[in-house]
Amino acid sequence: MTITDIAPEILASKCYQYADDVLQGRIIACRKVIQACQRFLDDLHRMRDPKFPWVFDLGKAYRPINFIEKFCRPTKGEIDRMELLGWQHFVEGNVYGWIEKTTGLRRYREALILVARGSGKSTIVGGNAEYGASKDGERGAEVDLLANSKEQAGIIFEECKAQIKNSDLLNKHFRALRSVIYYDKTNSKIQPRASDSKKLDGLNPHLAIFDEIHEFTDWKLINVIKRPMKKKRKNPLIIYISTMGTQLNGPLIQLYQLATDVLNGTGAVKASVADRFFAYIAEIDEEDDPNDCRCWIKANPSMGVLYQLSDLQEDWDRAKLVPEERSDFINKQLNVFTQTDELSMFDAQTIRANSRYLPMEVLQGQRCHGGFDLSETEDYTSACLEFDLGDGAIFALSHSWTTQKKVDIDREGLDYAGLVREGLLTISAGAFVDYTDVYRWFVEQAKRYKIETIGYDPANAHFLVQELAEAGFKLEAVRQGAYTLNAPVKHLKELFLAGKVVHNNNRMLNWYLSNVKVCRDRAGNWLPTKQNRYRKIDGFAALLNAHTEYMRAHPEPGIKPDAHLVTVINLKEVN
């Protein structure tokens, strides 16, 4: 199928022109934006296939665009009318234009939009909120403006009110009160909501806009919003709009990974999910040098209109001199996950680089080394098996335990129910983790794999070690001590940096990894510790014990085969 098979009015639209300019190299864009544009054009060509369930309706695509440009007014600066940029035409056109052939209902139920700071996110938030309440064809529409805190939710809500106040027509038809905006003609409303709001149950949104999703630490508010939408609304839509962040175990990194898989088009995400998820991610590419300002436009699609390259260069010249400011610039202006702690052991890119999947059947009967880390109280306990895959890579099979008391307190904000369903976490009913459960886990794994040794810290493991030894396991003490830590820790980090640690994208282990911070003693030895009291590293400690055993069996050059490797984990820090 050729370009002539696409309707002329679509070819003439700014939505199509943007995608074509990106693919032809007339607009410099990152890999993910190029993939999004290619996806759009590929789907346009597929529309005539009777088996392809979607069609692009240009009229519906441009209803929100025309609404924003005609009725909405800027609240800041000297510009007196809104004129959406090419990338905004592309985003709006895709989100609203693709519909189901049989029902005419919207194709995309979720949209992830990641752009750099200052790119015009408030235009999308306010414009879509006002359109969703008035012109999206839903009577009694509830539009929720959502943020991680009441303060942030209030900021975006006040911006929406200001847009309405600045427009004579919108101000005439919308009724803005202190904490809610009504559109009486359709009995609809716009209201702010936050993760720390006291009452969240009973929500029934037609449109939900999550602002600065990078600040969210858990899925609670997202799940509260998503559940009723599927059942009670015929044409629901969730928009996540944000810059990048530093919250490596929050929803954004999982949404980012989902978007990456969808855009890669490898089939890793089933069609029923991928077809409903739109993604526009503007970022510099991994191979780009942050010092090279020529690549900055990739993360800043509004550059040249809302701000100039010279503005960013001035910011960079100042920021690059201070580590925290440099990290913030790369994070917010170039859209790269960063951590302000320069000694964080694993950044987001490293964690994502180790997301390869391996069928567990391949490991059946294979040799491995084990390790465990026990909690002293009701905290986390973890166990791990490490397999040598023979190609320089290792496989880590990790499991954790915690207590119902810990879940009820919920300081970490983890998706406990999901982790249990995925078989990554066991929740003990009592006040303490029952170490018998850990014993039974090793016994069960021994039925499938050949566990050669199990490494443990002898500080508080006497009874479990005794039971495992009586069951026939070979236990090796991994004692505290800093002088030999370089070998197992540095080697393990090298494997992660090379993308050679396979763990089937274990979410619990990823969380532990994101919490590990490296400290150095006076001799330069590396000591792993956690970033704060709620950022647990027990799963990493268990993996490190197992890796110590692995290195005893596979000594690196320069390390004597009989060298006594020891793992240094500060149990007071871990627990």
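The values are calculated or read from the model by the stated rules, or taken from the named source; none is laboratory data. The model shown is predicted, which means the values in this text are computed figures rather than measured ones. A quick note on method: Cβ atoms are made from the backbone with ideal geometry, for glycine too, and the neighbour counts reach across all protein chains shown. With ligands, DNA and RNA removed, areas are computed over all heavy atoms of the protein, side chains included. Shrake-Rupley method; radii C 1.70, N 1.55, O 1.52, S 1.80 Å.
Structural remarks
- Against the conditions (1) modelled with pLDDT under 95; (2) within 30 Å of Q163 (Cβ to Cβ); (3) crowded, with 16+ Cβ neighbours inside 10 Å, K70 satisfies every one except (3).
- For segment 281-301, the criterion of being open to solvent by 80 Å² or more (accessible area, probe 1.4 Å) and within 12 Å of R117 (Cα to Cα) is met by no residue.
- Count of segment 314-334 residues, restricted to those that are of a type in the set (F, W, Y) and within 21 Å of the chain's Cα centre (by Cα), is 1.
- Residues in segment 110-145 that are over 22 Å from K165 (Cβ atoms), in a strand (DSSP E or B) and not small (G, A, S): E110, L112, I113, L114.
- Residue satisfying all of: in segment 331-340; crowded, with 16+ Cβ neighbours inside 10 Å and among the β-branched types (V, I, T); modelled with the lowest pLDDT among these: T338
- Of the listed requirements (1) at pLDDT 95 or above; (2) within 31 Å of the chain's Cα centre (by Cα); (3) of a type outside the set (A, V, I, L, M, F, W, C), R117 misses just one: (1).
- Selection count, segment 398-413, where residues are within 25 Å of A546 (Cβ to Cβ), in contact with an Asp or Glu (Cβ under 7 Å, 6 or more places away or on another chain) and open to solvent by 10 Å² or more (accessible area, probe 1.4 Å): 1
- Among the residues of segment 306-313, not a single one is farther than 30 Å from D408 by Cβ, open to solvent by 50 Å² or more (accessible area, probe 1.4 Å), free of Cβ contacts under 8 Å to residues at least 24 places away in the same chain and within 25 Å of the chain's Cα centre (by Cα).
- Condition check for P228 on (1) assigned to a helix (DSSP H, G or I); (2) within 14 Å of D144 (Cβ to Cβ); (3) modelled with pLDDT of 90 or more: one failure, at (3).
- The condition of being in contact (Cβ under 8 Å) with a residue 24 or more places away in the chain and out of contact with any helix residue (DSSP H, G or I) (no Cβ under 9 Å at 6 or more places or on another chain) holds for P53.
- Selected residue (criterion: surrounded by the most Cβ atoms within 10 Å (Cβ to Cβ)) from residues of segment 257-270 that are closer than 30 Å to E138 by Cβ and out of contact with any strand residue (DSSP E or B) (no Cβ under 7 Å at 6 or more places or on another chain): V269
- Residue count, segment 380-390 (criterion: open to solvent by 10 Å² or more (accessible area, probe 1.4 Å), in contact (Cβ under 8 Å) with a residue 60 or more places away in the chain and assigned to a loop (DSSP other than H, G, I, E, B)): 1
- Among residues that are part of a helix (DSSP H, G or I) and either touching a residue at least 12 places away in the same chain (Cβ under 8 Å) or open to solvent by 30 Å² or more (accessible area, probe 1.4 Å) (or both), T217 is not included.
- Residue in segment 178-194 that is open to solvent by less than 50 Å² (accessible area, probe 1.4 Å) and at pLDDT below 90 present: yes
- Filter pass, V22 being closer than 22 Å to A259 by Cβ, without any contact (Cβ under 8 Å) to a residue 60 or more places away in the chain, of a type in the set (V, I, T) and open to solvent by less than 70 Å² (accessible area, probe 1.4 Å): yes
- You will find that of A279, A274, the residue that is farther than 30 Å from K530 by Cβ and in contact (Cβ under 8 Å) with a residue 40 or more places away in the chain is A279 and no other.
- Matching entry among D347, D328, D317 (being modelled with pLDDT under 90 and open to solvent by 80 Å² or more (accessible area, probe 1.4 Å)): D317
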